[in-house]
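J.: Got a structure for you, written out below as structure tokens; questions coming shortly.
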Amino acid sequence: MRDFITCLEFLTRIRFSNRTDWRDDDFSRSVPYFPLVGLVIGLFLGAVNYALVYADTPLFMRGVMLILAEMIVIGALMYDGFMDTSDGVFSARNRERMLEIMKDSHVGSNAVIALVCLVLLKVAAYTSIDGIKLSYALVAMSVATRTFMVNYIVNFKYARKTGIGHMFTQYAKPVYSYIAFAVGAALILLCGIKYFYTAIVTFIFSLFLARFLSKQLGGLTGDTYGFLTECGNVIYLMAAVYLLR
């Protein structure tokens, strides 16, 4: 339970403790619980969407409200990683300079443009998927993308010697990915077979993207975990627009 709480408190804004004695192995042991945290996030977003549909909320307003709901439960952690990675990778510099740019707290034009595109694509997808189907899609999407994070942590080299992401990778075991994928697949299948097929499509595209980033940076970082998760969310939603018809 302690490891699940560690994972939940790191990936969301939900708090059950005021712990200050975090150790690297605490984070590593929490890795198999990523799909369950995705389930918590997805159930929250799905419930918000259901309430908005029940209230007959206009489509565009519903899309924007879902973005706000996501910020409430998750915060800006994934968006921060997405923006930092966009600034670095799209800078067309060498590997070392890319990593320096990603570590810089300043926000560049690449990050701003990428974030605007990301939010627009999310809103477009939210308003293109049938209301009730979207609730299930949000659950499956959240479980899938957090499950994929385990793959990035366990099976990809870490590009830095230190960092928040390094705390997860340092003691992570290969078996964690098997556990996470088994749990994640079971949870997604509960939503329906089409949602599972959509997750498979998302995983294929996300895997290619992860390999591209690893080649560019000499490995992945905590920022790229956020980038890949947000890209995975959009890929899932865009695929769902077509596969859930």
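The values are calculated or read from the model by the stated rules, or taken from the named source; none is laboratory data. Computed from a predicted structure; not experimentally measured. Quick reminder, even Gly has a Cβ in these numbers, built from the backbone with ideal geometry, and neighbours come from all protein chains shown. Side chains are part of the model used for accessible areas, which takes the heavy atoms of the whole protein and leaves out ligands, DNA and RNA. Shrake-Rupley method; radii C 1.70, N 1.55, O 1.52, S 1.80 Å.
J.: May I ask which residue of G63, T85, H106 lies farthest towards the positive end of the charge dipole of the range 2-137, with charges of +1 (Lys, Arg) and -1 (Asp, Glu) on Cβ and the Cα centre as origin?
T.: Towards the positive end, the residue furthest out is G63.
J.: If you count only protein heavy atoms with a 1.4 Å probe, what accessible area per residue comes out for the chain, rounded to a whole Å²?
T.: 48
J.: Let me ask you something else. Given Cα pairs under 8 Å that are at least 6 residues apart, what percent is the relative contact order of the chain?
T.: Values: 361 pairs, mean separation 71.3, N = 245.
So the answer I get is 29 percent.
J.: Compute the whole-percent fraction of alpha carbon pairs in the range 70-141 spaced more than 13 Å apart.
T.: Values: 1796 of 2556 pairs.
When every Cα pair of the range 70-141 is considered, 70 percent fall beyond 13 Å.
J.: Work out from phi, with θ = phi - 60° and the Karplus expression 6.51 cos²θ - 1.76 cosθ + 1.60, the ³J(HN,Hα) of each residue of the range 29-44, listed in order in whole Hz, and give x for Gly and Pro.
T.: Values per residue, Gly and Pro as x: 5, 7, 4, x, 8, 3, x, 5, 5, x, 5, 4, 4, x, 5, 5 Hz.
J.: Also: Helix 193-217 sits at what angle to the longest principal axis of the chain, using alpha carbons and giving 0 to 90 degrees rounded to 10?
T.: On a 0 to 90 degree scale, this one is about 30.
J.: Connecting C-alpha atoms closer than 10 Å in a GNM of the chain, tell me which of R62, R97, R146 has the biggest fluctuation.
T.: Checking each option, the largest mean-square fluctuation is seen for R97.
J.: Can you give the alpha-carbon Rg of the chain over 2.2 N^0.38 Å, where N counts its residues?
T.: Details: Rg = 17.2 Å, N = 245, 2.2 N^0.38 = 17.8 Å.
In units of the 2.2 N^0.38 Å rule of thumb, it is 0.97.
J.: Computed from the mean reciprocal separation of all distinct C-alpha pairs, what Kirkwood hydrodynamic radius does the range 77-213 have, in Å? Please list the in-between numbers first.
T.: Details: mean 1/r = 0.0599 Å⁻¹.
After inverting the mean inverse Cα-Cα distance, the result is 16.7 Å.
J.: Rounded to two decimals, what is Rg over Rh for the range 1-136 when you use alpha-carbon atoms and the Kirkwood radius?
T.: 1.04
J.: Something else: I'd like the accessible area for K173, computed on protein heavy atoms only with a 1.4 Å probe and all protein chains in place. Round to 10 Å², please.
T.: 110
J.: Mind giving me the nanometre distance, one decimal, between the label points for K161 and V107, set 7 Å out from Cα along Cα→Cβ?
T.: With each label point 7 Å from Cα toward Cβ, the separation is 3.2 nm.
J.: Heavy-atom accessible area of L190 with all protein chains present, probe 1.4 Å, nearest 10 Å²?
T.: 140
J.: In the range 76-200, what percent of the accessible surface is made up of carbon and sulfur (1.4 Å probe, ligands and nucleic acids excluded)? Could you put the intermediate results ahead of the total?
T.: Working: 3840 of 6030 Å².
Answer for the range 76-200: carbon and sulfur cover 64 percent of the accessible area.
J.: Under the rule of at least 5 residues apart or a separate chain, name every residue whose amide H is placed under 5 Å from the amide H of L220.
T.: The answer is K157, Y158, A159.
J.: Could you give me the ³J(HN,Hα) list for the range 53-60, computed from phi with Karplus coefficients 6.51, -1.76, 1.60 and θ = phi - 60°, whole Hz, x at Gly and Pro?
T.: Coupling constants for the range 53-60: 5, 4, 7, 6, 6, x, 4, 5 Hz.
J.: In what sequence, highest mean first, do 102-108, 219-225 appear when ranked by Cβ atoms within 10 angstrom? All intermediate terms of the calculation are to be shown ahead of the outcome.
T.: Numbers: 102-108: 13.6, 219-225: 25.6.
The most tightly packed comes first, giving 219-225, 102-108.
J.: Report, to the nearest 10°, how far helix 109-126 tilts away from the longest principal axis of the Cα atoms in the chain, using its own Cα long axis and a range of 0 to 90°.
T.: So the inclination is approximately 30 degrees.
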